[in-house]
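Here's the structure, in structure tokens; my notes come after.
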Amino acid sequence: MARRDGISVEATGADPLGLAADALLLPVLEEDVRGKGGGAVAALDARLDGGLLRAAKAERFEGKSGQELSLATLGRLPAARVVLMGLGPRAKAGEALAAAGYEPLRMAVGKAARGAIKAGARDVAVAVPDTAESAGAARACAEGALLGAYEFRTYKTAKEPRPGLDALTVAIPGGKARAREVKDALALAADVARAVAWARDMVNLGPADCTPTRLAEAARDLARGAGLKVEVRGPREITQLKMGMFLGVTRGSAEEPRLVNVSWIPPGAAARKAPVVLVGKAITFDSGGLSLKPTDSMVTMNTDMAGSAAVLGAMSVIAKLKPPFPVHGVLGACENMPGGRAYKPSDVLVAFDGQTVEITNTDAEGRLVLGDVIGWAAKRWNPAILVDVATLTGACMVALGMTTAGLLGPEGPAMDAMLAAARASGEDVWRLPLVETLKENLKSDRADWRNTGERWGGAISAAHFLHAFAKETPWAHLDIAGPSHAPKERGYVAKGGTGFGLRTLVELVRGWQG
């Protein structure tokens, strides 16, 4: 049995229709609903004296992907309510689920679990479809239900009883419930869900409650709880490192910056292997600086540290994976504020590695901090791969929308590994081209670089800026500006911070051959 913050998670090989639960979530195929597939739908319809298929016809539920039908069982089943989730036709369902990292299944279960919990369910059972590989599908079902159960209530004062999930049972077909791979998959699902919930909590905090200092304290607490090493540096140490871009951004704020690295170091000779380095953007509030954002654009800028939350959350899972190579999570935390000492358009800042940058827009601050942190991490550890995760550009949102992240970087092992990790995780990532001509837009007459280029291709030119500091290090950049924050509920995604990127980073480390 695995647990996620008090929620028990267990597998069973029993017939799902025999499970006692407040709600039974049952994935179904189109053929099942048409009466041609038999299986659980036929058995359930018989238990309900034909009421299931009659209800499906009346509600126009056909088992198509994304459809859902909820019915009270009226004592005909041990479960009080059954929720049918459409997977589409059998010919496509298994292949499509595996190819998408089981994301459609994760989404369907998350939506159904959220609805059931809002209706008062505390004990939920979910059946893994027999069209899918047991361990991968079981993990997706568990993650979907656990993430769908998430709710952020830190600032709520209402005293009514809070709905929530106490127990999750995952029914595995084919007598595989006791298989080691299934048990490991459910344990990983519980760990990942716990980490994503932690990341969501951090992103959803107000900026007064998630200052650079408090983010560093949260990182320290997380690291100690997970058995990870942690180092926290303040403004004096950052100055000694000559991180001029980082210090320039933080200058206008009364809050002190923090440079944090959280590390997994394996025992023995493995500690000397070239590490994986994960860098997260950690601007705990971004006003735009003197290039001030409009109010509507500033309202969600407490979420501008979502990249760092994903990195830190991933590190807590990585500690349990115990990979045979070092992994370092690094973040440069600060605010971007328009105080009297704020850095200014036309300033020239000197980076950690000595390169000079002309400031043309103080609202392009994330790349400045990341550039110094990336350059420092690359020099300190000479990593086998370095990945940064950042809410970097509105341009990426314009290109890809609110649910897809942009992945950029040169051809090589870092990009290949990240694309494979994204597919395995189910997170929606799309590769954008690192168009060489857009790099020219960053050339300055007064310095080595400008921090912004032209409006067009902004996500690509921002990636070129970061690449200038990663240099020859195998590097990939994940721009999560869109999917880091959800304006409405969707599947297992709650409104607010999403924890996006965390699962991809976990899969990157799981698949990395260090």
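Tell me which residues, restricted to the stretch 236-266, are in a helix (DSSP H, G or I) and more than 24 Å from residue 290 (Cα to Cα). Explain how you work it out, then say what you get.
Within the stretch 236-266, the subset in a helix (DSSP H, G or I) is 236-240, 244-250.
Listed by number, the residues that qualify are 236, 237, 240.
Could you list, in sequence order, the residues of the stretch 267-290 that are under 14 Å from residue 249 (Cβ atoms) and assigned to a strand (DSSP E or B)?
First, the residues of the stretch 267-290 that are under 14 Å from residue 249 (Cβ atoms): 281-290.
Listed by number, the residues that qualify are 281, 282, 283, 284, 285, 286.
Look through the stretch 291-313, keep the residues that are part of a helix (DSSP H, G or I) and open to solvent by 60 Å² or more (accessible area, probe 1.4 Å), and return whichever of them is nearest to residue 402 (Cα to Cα). Reasoning before the result, please.
Applying the first criterion (part of a helix (DSSP H, G or I)) to the stretch 291-313 yields 295-298, 301-313.
Pick out the ones that are also open to solvent by 60 Å² or more (accessible area, probe 1.4 Å) and you get 295-296.
Numbers: 295: 20, 296: 16 Å.
Per the criteria, the residue is 296.
Hey, residue 14 hits all of (1) surrounded by 14 or more Cβ atoms within 10 Å (Cβ to Cβ); (2) on the phi < 0 side of the Ramachandran plot; (3) part of a loop (DSSP other than H, G, I, E, B) but one; which does it fall short on?
(1)
From the set of residues in the stretch 186-220 that are among the hydrophobic types (A, V, I, L, M, F, W, C), in a helix (DSSP H, G or I) and under 23 Å from residue 334 (Cβ atoms), which is most open to solvent (accessible area, probe 1.4 Å)?
Quick first cut of the stretch 186-220, residues among the hydrophobic types (A, V, I, L, M, F, W, C) only: 186-190, 192-193, 195-199, 202-203, 205, 208, 210, 215-216, 218-219.
In the following step, the residues that additionally are in a helix (DSSP H, G or I) were identified as 186-190, 192-193, 195-199, 202-203, 215-216, 218-219.
Now restrict to residues that are under 23 Å from residue 334 (Cβ atoms): 198-199, 202-203, 215-216, 218-219.
Details: 198: 62, 199: 0, 202: 21, 203: 2, 215: 1, 216: 4, 218: 18, 219: 1 Å².
The qualifying residue most open to solvent (accessible area, probe 1.4 Å) is 198.
Tally time: how many residues in the stretch 418-451 are crowded, with 20+ Cβ neighbours inside 10 Å, of a type outside the set (A, V, I, L, M, F, W, C) and either closer than 17 Å to residue 481 by Cα or touching a Cys at 6+ places or on another chain (Cβ under 9 Å) (or both)?
Summing the residues that are crowded, with 20+ Cβ neighbours inside 10 Å, of a type outside the set (A, V, I, L, M, F, W, C) and either closer than 17 Å to residue 481 by Cα or touching a Cys at 6+ places or on another chain (Cβ under 9 Å) (or both) in the stretch 418-451 gives 1.
Picking from 19, 44, 52, 48, which residue would you name as being open to solvent by less than 30 Å² (accessible area, probe 1.4 Å), over 19 Å from residue 143 (Cα atoms), touching a Lys or Arg at 6+ places or on another chain (Cβ under 7 Å) and not polar (S, T, N, Q)?
Values: 19 fails: touching a Lys or Arg at 6+ places or on another chain (Cβ under 7 Å); 44 fails: touching a Lys or Arg at 6+ places or on another chain (Cβ under 7 Å); 52 fails: touching a Lys or Arg at 6+ places or on another chain (Cβ under 7 Å).
When all the criteria are applied, what remains is 48.
What residue, of 145, 116, 98, 108, is farther than 14 Å from residue 491 by Cα and in a helix (DSSP H, G or I)? Walk me through it before giving the result.
Details: 145 fails: farther than 14 Å from residue 491 by Cα; 116 fails: farther than 14 Å from residue 491 by Cα; 108 fails: farther than 14 Å from residue 491 by Cα.
The match here is 98.
Contact list please: Cβ distance under 7 Å, first residue in the stretch 363-383 and modelled with pLDDT of 95 or more and aromatic (Phe, Trp, Tyr), second residue open to solvent by less than 20 Å² (accessible area, probe 1.4 Å) and not in a helix (DSSP H, G or I), pairs at least six apart or on different chains.
These pairs meet every condition: 376/243; 381/275; 381/277; 381/328.
Just give me the residues in the stretch 30-59 being in a loop (DSSP other than H, G, I, E, B), within 38 Å of the chain's Cα centre (by Cα) and within 21 Å of residue 92 (Cα to Cα), in sequence order. Spell out how you get there, then give the answer.
So the first thing to find is which residues in the stretch 30-59 are in a loop (DSSP other than H, G, I, E, B), and the list is 34-38, 48-50, 59.
Now restrict to residues that are within 38 Å of the chain's Cα centre (by Cα): 34, 37-38, 59.
Within the stretch 30-59, 34, 37, 38 meet the criteria.
Filter the stretch 69-87 for residues that are assigned to a loop (DSSP other than H, G, I, E, B) and not aliphatic (A, V, I, L, M); which is nearest to residue 59 (Cα to Cα)? I'd like the intermediate steps shown before the answer.
First pass over the stretch 69-87, keeping only residues assigned to a loop (DSSP other than H, G, I, E, B): 73-80, 87.
Among the residues that remain, those that are also not aliphatic (A, V, I, L, M) are: 73, 75-76, 78.
Values: 73: 16, 75: 22, 76: 21, 78: 24 Å.
Ranking the candidates gives 73 first.
Here is a check on your reading of the model: is residue 139 within 15 Å of residue 103 (Cβ to Cβ) and either within 25 Å of the chain's Cα centre (by Cα) or not polar (S, T, N, Q) (or both)? Give the steps one after another, and end with the answer.
Working: within 15 Å of residue 103 (Cβ to Cβ): yes; either within 25 Å of the chain's Cα centre (by Cα) or not polar (S, T, N, Q) (or both): yes.
In short, yes.
Name the residues in the stretch 226-236 that are touching a strand residue (DSSP E or B) at 6+ places or on another chain (Cβ under 7 Å) and either surrounded by fewer than 22 Cβ atoms within 10 Å (Cβ to Cβ) or among the small types (Gly, Ala, Ser) (or both), would you? Lay out the reasoning, then the answer.
Initially, the stretch 226-236 is screened for residues touching a strand residue (DSSP E or B) at 6+ places or on another chain (Cβ under 7 Å), giving 228-234.
Answer for the stretch 226-236, where residues must be touching a strand residue (DSSP E or B) at 6+ places or on another chain (Cβ under 7 Å) and either surrounded by fewer than 22 Cβ atoms within 10 Å (Cβ to Cβ) or among the small types (Gly, Ala, Ser) (or both): 229, 230, 231, 232, 233, 234.
Taking the residues in the stretch 77-89 that are crowded, with 22+ Cβ neighbours inside 10 Å and either among the small types (Gly, Ala, Ser) or in contact with a Gly (Cβ under 6 Å, 6 or more places away or on another chain) (or both) as candidates, determine which candidate is nearest to residue 33 (Cα to Cα).
Top of the filtered list is 86.
List the number of the failed condition for residue 242; all other conditions in (1) in contact with a strand residue (DSSP E or B) (Cβ under 8 Å, 6 or more places away or on another chain); (2) touching a residue at least 60 places away in the same chain (Cβ under 8 Å); (3) surrounded by 18 or more Cβ atoms within 10 Å (Cβ to Cβ) hold.
Result: residue 242 passes all but (3).
Exactly one condition in (1) over 24 Å from the mean Cα position of the chain (by Cα); (2) at pLDDT below 95; (3) open to solvent by less than 10 Å² (accessible area, probe 1.4 Å) is not met by residue 92; state its number.
(3)
Looking at the stretch 159-168, is at least one residue open to solvent by 50 Å² or more (accessible area, probe 1.4 Å) and either aliphatic (A, V, I, L, M) or under 22 Å from residue 35 (Cβ atoms) (or both)?
So in the stretch 159-168, the residues open to solvent by 50 Å² or more (accessible area, probe 1.4 Å) come out as 159-163, 166.
In the following step, the residues that additionally are either aliphatic (A, V, I, L, M) or under 22 Å from residue 35 (Cβ atoms) (or both) were identified as none.
Checked the stretch 159-168: no residue is open to solvent by 50 Å² or more (accessible area, probe 1.4 Å) and either aliphatic (A, V, I, L, M) or under 22 Å from residue 35 (Cβ atoms) (or both).
Being within 21 Å of residue 314 (Cβ to Cβ), surrounded by fewer than 24 Cβ atoms within 10 Å (Cβ to Cβ) and among the basic types (Lys, Arg) is true for just one of 503, 510, 490. Which residue is that? Before the answer, list the steps.
Working: 503 fails: surrounded by fewer than 24 Cβ atoms within 10 Å (Cβ to Cβ); 490 fails: within 21 Å of residue 314 (Cβ to Cβ).
Going through 503, 510, 490 in turn, the sole match is 510.
Being under 26 Å from residue 375 (Cβ atoms), under 27 Å from the mean Cα position of the chain (by Cα), touching a residue at least 60 places away in the same chain (Cβ under 8 Å) and surrounded by fewer than 24 Cβ atoms within 10 Å (Cβ to Cβ) narrows it down to one of 274, 223, 282, so name that one. Write out each step before concluding.
On the way: 223 fails: surrounded by fewer than 24 Cβ atoms within 10 Å (Cβ to Cβ); 282 fails: surrounded by fewer than 24 Cβ atoms within 10 Å (Cβ to Cβ).
On inspection, the qualifying residue turns out to be 274.
Determine if the stretch 335-354 includes at least one residue that is open to solvent by less than 30 Å² (accessible area, probe 1.4 Å) and either closer than 13 Å to residue 466 by Cα or in a helix (DSSP H, G or I) (or both).
Taking every residue of the stretch 335-354 in turn, at least one turns out to be open to solvent by less than 30 Å² (accessible area, probe 1.4 Å) and either closer than 13 Å to residue 466 by Cα or in a helix (DSSP H, G or I) (or both).
The values are calculated or read from the model by the stated rules, or taken from the named source; none is laboratory data. Nothing here was measured: the structure is a model prediction, and the numbers come from that model. Methodologically, a virtual Cβ is constructed for each residue, glycine included, from the backbone with ideal geometry; neighbour enumeration extends over all protein chains shown. In case anyone asks, the SASA skips ligands and DNA or RNA and just uses the protein heavy atoms, side chains included. Shrake-Rupley method; radii C 1.70, N 1.55, O 1.52, S 1.80 Å.
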